[in-house]
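The values are calculated or read from the model by the stated rules, or taken from the named source; none is laboratory data. Keep in mind that what you see is a predicted model, and the values were worked out from it rather than measured. Here Cβ is always computed from backbone atoms with ideal geometry, including for glycine, and neighbour counts include all displayed protein chains. Please note that ligands, DNA and RNA were not included when accessible areas were found on the heavy atoms of the full protein model with its side chains. Shrake-Rupley method; radii C 1.70, N 1.55, O 1.52, S 1.80 Å.
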Amino acid sequence: QIRMGDVSTVKSVEAEKSVEGVDAATIGETLEAVDIPRQSLLDVVMSRARDLQLLEKIQRVVIAGKFKKSGDNGEGTREAVDETVRQVQSQDEDEGEITGIFFGLPGCFLCILEGPQRLVIGTLRALQEPGNKAQGQLSSLHLFSSIQDAPGRSFPCYASRILQFPKIEAQVPDKETVVTLIPDISINLQRFGMELGKVSGAEREHLLDAVKVKHGEHLPRVEDVMGL
């Protein structure tokens, strides 16, 4: 004699043995035959750390240079820097990336570069090589600042633009002003990089083209860059 409780137990066992007419043993064999890779806890942690840029030490530098020709708009230097960044990246065995921005200004340029130290230093060295196209365009090249262990990237990519401003004479700042001026320039560039990171595709390109209008507060004064 089977009590009601026993009947439900039997039905439960039968249900486990048959899923839409498929025998339970067959299901077990099928699952064993399928090799589904599973991430370990370490894999998950490492993946998350890569997303947060915790595995890659970032160096950030701000550089500037004066053009040999006072009327130069910087297009030749822009091409030289862009090409150098591409070459350094393409030769990196670890497929590292350089991010940042190059701004061509009247009589000078301003550029911020971020990436693994080997790539940033490699780019700076390449720009100073006698055969680099930038050498034919520049009368001087200056390192404004360098942070060897930045907490992360500010820019989502590398980009370059030529900005049109009225030609203006350099204003050489005093030593006390330099102490605050250079960090301010770097911080404002980083803030612009963070704004770029909020958009992508055509919207990002539009923001780069309209930086003077939409984010002019993040751009330094040309006379300050020239004076430094």
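What FRET efficiency, computed as 1/(1 + (r/R0)^6) with R0 = 30 Å and r the Cβ-Cβ distance, is obtained for Lys68 and Glu97, rounded to the nearest 0.05?
FRET efficiency, Lys68 to Glu97: 0.45.
Please give the Cα centre distance for region 82-120 versus region 194-228, rounded to the nearest Å.
17
At a probe size of 1.4 Å, how large is the accessible area of Ser186, to the nearest 10 Å²?
Using a 1.4 Å probe on the heavy atoms, I get roughly 10 Å².
Once a ≥ b ≥ c are taken as the square roots of the eigenvalues of the Cα gyration tensor of region 129-187, is the result rounded (a/c under 1.5), prolate (a/b larger than b/c) or oblate (a/b not larger than b/c)?
Taking the square roots of the gyration eigenvalues as a ≥ b ≥ c, region 129-187 is rounded.
Any chance you could run the full-extension gain for Glu176 through Gln164? It's 0.36 nm times the residue separation minus the Cα-Cα distance, nm to one decimal.
1.4 nm
May I ask you to compute the full-extension gain from Ala202 to Glu129, defined as 0.36 nm times their residue separation minus their alpha-carbon distance, rounded to one decimal in nm?
So the extension gain works out to 22.8 nm.
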